[in-house]
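Here the structure comes first, spelled out in structure tokens, and everything after it is commentary.
The values are calculated or read from the model by the stated rules, or taken from the named source; none is laboratory data. Owing to the predicted nature of the structure, the values given are computational and were not obtained by experimental measurement. Please note: Cβ atoms are built from the backbone with ideal geometry, for glycine as well, and neighbour counts cover all protein chains shown. Quick note on the areas: whole protein, heavy atoms, side chains included, nothing else; ligands and nucleic acids left out. Shrake-Rupley method; radii C 1.70, N 1.55, O 1.52, S 1.80 Å.
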Amino acid sequence: MSAELLAAMRCFDAPLPALQLTRDRLTAQLRRAERVKPAEVAEIVLNDPLLTATVLREISRRPRTSVSVDVTSIEAAVMLFGVVPFLERQARGPSIEVMLAGDAPRLMRCLELVSRAQLAARMARRAGVERMDARPEELQIAALLSSLAELLAQLFGGDERLPVESILAAWQFPEVLRQLLVSDPPQSHRQQLQYAMVSLAAALESGWWIDAVGASLQLAAGALDRPESLVWQLVSEALLAHGRSPLASTIAPPARWLPMLPGDWPRAIPVKDVLATRMQALHLAGLQGLPVNQIMRLSVQALCEGLSMRRVLLAIPQEGRLVARFCIGAAEADPIRGFSLALDESHLFAQLLKKPQAVWLSGESRPQLMPQLPPSVTGIIGGDDFCAMSLFVGDKAVGLLFADRPPSIPIDAQVYQYFKQICQLTSRALASRTAS
């Protein structure tokens, strides 16, 4: 067995993280636990595939008696645990955002998988109700866990996944859920319906008009014994609701989920909003109180990957001078790497450190700003347009961020606004770190 698979097996007994939003919602319920109903708790859990897996793993591994039955309902599991003990245990567990802090690509991939699972679960439950299924929550749970193997690989084992059959067997999941999750090809109409909704959720990420979408709709229509147009209506309703959900709206623009008219369209390749992803990670860093070096790494990623900045410099005040702490994107011989300016001299960067403020050197602002950039400064930073902003924690200046772009992609007003937002998020994250 490979090292990656051995590492992945740690997930069998390791505590599984949940979305931070899930933990926050459970914490809010804990404050009024005596008045919370099991169904209210279950509704929160069923939006989170990893917490759903945790609950089912714990309830399935409980000591059995001769009259014990399989539990396939989250509400029933909450009742067996007790609402208050359940909330006390699950509100304080680890979160995906904290576990993968500082690893933005893996974090984003996990959030994408969770969003896909949420969509599949939403469609599966809606289709189960239309089918008049006696236990539509089983379809919902099976669809919600459809991304489980890849999620666990991202969290514990790298690129190589454990077979989902091995995971479910190790966790002693009820047979009915195991059949829904691993039947390939699906046999019963129930299995076909669940398989169709899971396949559809994945296919829709590549566009509305690809063949895989039509194939999934046809399979669902056959399992439901309903017209394909009715299935499309059910799916459209689920997609519109999904687009309004907190996680889906951060993964992709909500307009992605708006139903489009049929016809000959080119295949759509979703474009990830790298800037939004990097800014979200920086915001979460402040909420989580991450170390300063991780906060600054996320800030630089937002500037370089999100705004395509060429050079990014962090300068800090030290012994009466403003000196380079680090510089990204500059050549080895670039004078900016040795950035060092006396703070008692009259220049633009010394002025910036007097209060939280930003500047953008552009064609329009050059006549005003160039007198504040003597040759000793331009000799260090060059003569191209740039953005700069001071970083403050409370009333104390802790540094300054400088960034520029290649002349081929000049800075515009929108880029400048995003630059200021990233700097403000950085200051807030640093302030949160200090406060904690």
Would you work out which of Ser427, Trp360, Ile316 lies farthest towards the positive end of the dipole of the range 305-431? Charges go on Cβ: Lys and Arg +1, Asp and Glu -1.
Ser427
Where GluC sites (Glu not before Pro) in DSSP loops with at most 15 other Cβ within 10 Å are excluded, longest remaining stretch of the chain
1-159
What do you get when you divide the Cα radius of gyration of the range 290-346 by 2.2 N^0.38 Å, with N the number of residues?
1.24
Scalar couplings 3J(HN,Hα) for the range 340-345 by Karplus 6.51 cos²θ - 1.76 cosθ + 1.60 (θ = phi - 60°), nearest whole Hz, x for Gly and Pro, are 7, 10, 6, 7, 8, 8
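So for the range 292-420: antiparallel DSSP bridges make up what percent, rounded to the nearest 5?
On the way: 27 of 27 bridges.
Of all bridge pairs located within the range 292-420, approximately 100 percent are antiparallel.
Could you provide, to the nearest whole Å², the per residue accessible area of the chain with probe 1.4 Å?
Numbers: 20270 Å² over 436 residues.
Per-residue accessible area for the chain comes out at 47 Å².
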Mind listing the Cα extents of the chain along all three principal axes, in Å, largest one first?
83, 54, 48
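If you rank Leu139, Leu21 by how much accessible surface each has, with a 1.4 Å probe, what is the order from largest down? Could you put the intermediate results ahead of the total?
Working: Leu139 0, Leu21 85 Å².
In descending accessible area the options line up as Leu21, Leu139.
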Residues whose built amide H sits under 5 Å from the amide H of Arg321, excluding neighbours closer than 5 in sequence, are Leu343
What is the total of Lys pairs in the chain with C-alpha atoms under 27 Å apart, excluding same-chain pairs fewer than 8 positions apart?
6
Got a sec? Charge dipole of the range 316-405, +1 on Cβ for Lys and Arg, -1 for Asp and Glu; which of Pro335, Gly383, Val398 is way out at the positive end?
Val398
Shape metrics for the range 69-168, restricted to C-alpha atoms - Rg then Dmax, Å:
15.6, 45
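Relative contact order for the chain using alpha-carbon pairs under 8 Å, separation at least 6, rounded to a whole percent? Mind dumping the intermediate values first?
Values: 636 pairs, mean separation 54.0, N = 436.
Value for the chain: 12 percent.
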Can you pull the percent of Cα pairs in the range 285-436 with separation above 23 Å?
32
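Membrane-span-like helices in the chain: DSSP H runs reaching 30 Å or more (Cα, own axis), mean Kyte hydropathy at least -1.0?
Values: long enough: 104-130 (39 Å, 0.01); 413-435 (33 Å, -0.16).
The qualifying helices are 104-130, 413-435.
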Only helical DSSP H runs with n ≥ 4 go in: add -39500 (n - 2.57) per run for the chain, normalise by residue count and round the 222 nm mean residue ellipticity to 500 deg cm²/dmol.
-15500 deg cm²/dmol
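Show Arg297, Arg116 ordered by accessible area, largest first, where the area counts protein heavy atoms only and the probe is 1.4 Å.
Details: Arg297 100, Arg116 55 Å².
Output order, biggest surface exposure first: Arg297, Arg116.
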Of the accessible area of the range 275-413, computed with a 1.4 Å probe and all protein chains kept, carbon and sulfur make up a percent value of 54
Just the number, please: percent antiparallel of the DSSP beta bridges in the chain, rounded to the nearest 5.
95
From the protein chains alone at 1.4 Å, what is the descending order of accessible area for Asp13, Asp211, Asp385, largest first?
Asp211, Asp13, Asp385
When the dipole is taken about the Cα centre of the chain, and only Lys, Arg (+1) and Asp, Glu (-1) are charged at their Cβ, what size is it in debye, to the nearest 20?
1000
Amide proton proximity set for Phe392, modelled H, under 5 Å, gap of 5+:
Val398
Residue by residue through the range 390-402, what is 3J(HN,Hα) from phi via Karplus (6.51 cos²θ - 1.76 cosθ + 1.60, θ = phi - 60°)? Round to whole Hz and write x for glycine and proline.
7, 10, 10, 10, x, 9, 10, 6, 10, x, 8, 9, 10
Based on alpha-carbon centroids, what's the gap between the range 364-414 and the range 107-148 in Å, whole number please?
49
With every protein chain left in place and a probe of 1.4 Å, what is the accessible surface of Arg125, to the nearest 10 Å²?
90
Output the Cα-based Rg and Dmax of the range 96-151 in Å, rounding Rg to one decimal and Dmax to a whole number.
13.9, 45
